[in-house]
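Note sheet for the following structure.
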Amino acid sequence: MVDFDDREMEIDEQDCCYDLKDHVVPFFKRHIGELYDFMEKRRASSAEPIETIELLKLFIQDWKLPFDMRRYMNAQSDFIRKNIKEGCQNRQEIVSHWIKIYAEKHRSRAILLQCLYLDRVRQEIIPAIEKMLQDFKEHK
């Protein structure tokens, strides 16, 4: 039934990636209320101070949301297309099987890559996100 080789399904960085730069701050802006509540709860339950960058990574791991869902889905579709043999008879069945077996692995890998990306751009994004959080708190 399956028209792809599991060994070919190894997911690497290029398979989950899209240009994240313009999507990080808008993502957190769209979820500012949830982010604020999440950070408050985490900070209240921790004996040690937690850096903002660590809380951002925990938030996206907890929520399991790509920064840009459309671009993430396009990257996933490209990955599926690349790994399902051309001209297969039961394409829809094979895609359904792939989603059942590999979609969670693909999403987890993409979320991990987002966390790594946050580390790379932390100097650029932290001030903007902390300002959004402060503004949210003041207008709450």
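Per-peptide packing, taken as the mean over residues of other Cβ atoms within 10 Å, places 65-72, 42-49, 20-27 in the sequence 65-72, 20-27, 42-49 from highest down. Subtracting the Cα-Cα distance of Val25 and Glu93 from their residue separation scaled by 0.36 nm leaves 20.7 nm. Given their separation in residues at 0.36 nm each and the Cα-Cα distance between them, Cys115 and Glu40 gain 25.0 nm when the chain is fully extended. Length gained on full extension, Lys140 to Glu104, computed as 0.36 nm times the residue gap minus the Cα-Cα distance: 9.4 nm. Shown is the FRET efficiency for Met69 and Gln123, computed with R0 = 22 Å from the Cβ-Cβ distance and rounded to the nearest 0.05: 0.25.
Every number here is computed from the coordinates shown, using simple stated rules; none is lab data. Note that the structure is a prediction, hence the values are computed from the model and not measured. Positions of Cβ are backbone-derived with ideal geometry, glycine not excepted, and every protein chain shown enters the neighbour counts.
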